[in-house]
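Bear in mind these aren't lab numbers, they're just calculated from the coordinates by the rules spelled out. The shown structure was predicted, so the numbers you read here are calculated from the model rather than taken from an experiment. In this analysis, Cβ positions are derived from the backbone assuming ideal geometry, glycine residues included, and neighbour counts consider all displayed protein chains.
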Amino acid sequence: MRVLLLSQFHAPVIGGEERHVTSLGEALAERGHEVAVATQRHPRRPDDHVEGGVAIHGLRGTMQRSAALFSDDERRHAPPFPDPELTLNLARLVREFRPDVVHAHNWLLHSYLPLRQFNDAAFVVTLHDYGLVCARKTLMRGPEPCPGPSPMRCFPCASQHYGKAVGSLTYAANTVSSRIERRLADRFIAVSRAVAEKCGLPGGRTPYEILPTFIPDAVGDLDPSPDPRVALLPDDGYLLYVGDLNRNKGVSVLLKAYASLGDAPPLVMIGRRCADMPDELPPNVTVFESWPHAAVMHAWSRCLFGIAPSVWPEACGTIVMEAHAVGRPMIASDIGGLSDLVDPGKTGLLVPAGDDVALADAMSTMIQDPTRRETMALACRARAELFMAKTIVPRIERIYDELVPRPTPRAECQLSPVGT
């Protein structure tokens, strides 16, 4: 079957969502499907090329031309409404590729919506965040999780985040586009129970399934000649945080909890330093920025356990899956999709989001109980199987099969003997 994946970003712009789209495309191609990815054009990547058996098409958009509209020049997001140029370029690609399935993964789908009624491809949407109901996609209102969408909350929140003019337009456009999206999608895939519930999928008109993002089957196979940066890690037996270094990810909570432990193993933090990252760090904390994924996997394999202290309702949390794949338990906030991934008491511990005292207690418990960590390690590797491509991709294929009608084989003409 021909599958067209829609993703506003692709390599060299890489995050968890982009890595998922890349892995899905390559896994589908390996299973015999013809796969293409439609993404926004990037100056450091050819517009049309092939990676891992998948055709990548970089499309130019009108909004993308104005750098002044974006705070991050590397990530010029697709708008929450149809971009005229993107829509025209998508129309050309759909006409040439003739997909059986269009599988969208973020706001690039808004530029596809005007084309939906003109082709009979099945339309599947994976919700990686809360963008269906939240113009900021995070479902955060200031420093606290938002209780839910409403004009009285969403309009000022979007205006504060994007600026009054852009925020007003973003909120209004996203509200309208989301209603159209709910009507035109054939199937939603939510990456966690939290995303499904917060986006109002239960009881809605569009069928949905909850499928986490997945990790490659061989993600735990470590490179025998690792990146030289791996040598900078402390001796085996440190604590590890991986992710953006910002307030929503709970970095301030983690540092406060760690500082209260006293004589604890080193804390290693790997991620992109953000503006709200604390300037001062407790003793024995080391920060590494922008490590390649293979080096991060080595870091996971050498730590005692990992920590995911998010204070926002994180949609999924691929880092938990990756840590489990190399047998490392996790301490995570009991919020959003993280609670779907950690089996409390078996593959890690869950703590209330934002509670540095509870986090410190959990860290101390794990540090002082090596036997429990060893037992958890076995359970982690077994649980990681649930989140691997070999488990998740066939479930996505089944969704495609349910939505794409197969041609009925032509019955052979049966000739009856003469005289009967």
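Observations, loosely collected:
- Cα long-axis angle, helix 389-403 against the chain (0 to 90 degrees, to the nearest 10): 30
- Considering only the Cα atoms of the stretch 280-402, their convex hull presents on average a projected area of 9.1 nm².
- Taking the DSSP bridge list for the chain and keeping only pairs wholly inside it, about 10 percent are antiparallel.
- Largest GNM mean-square fluctuation across 284, 248, 106, computed for the chain with C-alpha springs under 10 Å, falls on 284.
- Relative contact order %, the stretch 185-253, counting alpha carbon pairs below 8 Å whose residues are six or more apart: 25
- Under a 5 Å amide H cut-off, with hydrogens placed 1.01 Å from N, residue 189 pairs with 125, 126, 127, 209 among residues at least 5 apart or on other chains.
- Here each label is just a point 7 Å from Cα along the line to Cβ, and for residue 346 and residue 221 those points are 2.8 nm apart.
- Taking 0.36 nm per residue of sequence separation and removing the Cα-Cα distance, the residue 231/residue 206 pair yields an extension gain of 4.0 nm.
- Relative contact order [Cα under 8 Å, 6+ residues apart], the chain, whole percent: 12
- Taking label positions 7 Å along the Cα-Cβ direction at both residue 2 and residue 294, the computed distance is 3.5 nm, reported to one decimal.
- Helix-only arithmetic for the chain: the sum of -39500 (n - 2.57) across DSSP H runs with n ≥ 4, divided by the residue total, places the mean residue ellipticity at 222 nm at -10500 deg cm²/dmol.
- Qualifying lysines (Cα of each under 24 Å from Cα of residue 137; at least 8 residues distant if same chain): 164, 198, 249
- Fluctuation leader among 297, 269, 152 - the chain, Gaussian network, Cα springs under 10 angstrom: 152
- Spin-label model distance (nm) - residue 381 vs residue 281, 7 Å beyond Cα toward Cβ: 3.1
- Out of every Cα-Cα pair that the stretch 133-253 contains, those further apart than 25 angstrom amount to 47 percent.
- Across every direction, the projection of the convex hull enclosing the Cα atoms of the stretch 293-342 has a mean area of 3.2 nm².
- Across the stretch 27-151, the mean sequence separation of Cα contacts (distance under 8 Å, 6 or more residues apart), normalised by length, yields a relative contact order of 16 percent.
- Radius, Kirkwood style, for the chain when every pair of distinct Cα atoms is counted (Å): 22.9
- The stretch 21-68 and the stretch 281-317: distance between their alpha carbon centers, rounded to Å: 28
- Annotation for the stretch 382-397 versus the stretch 101-128: alpha-carbon center distance of 24 Å.
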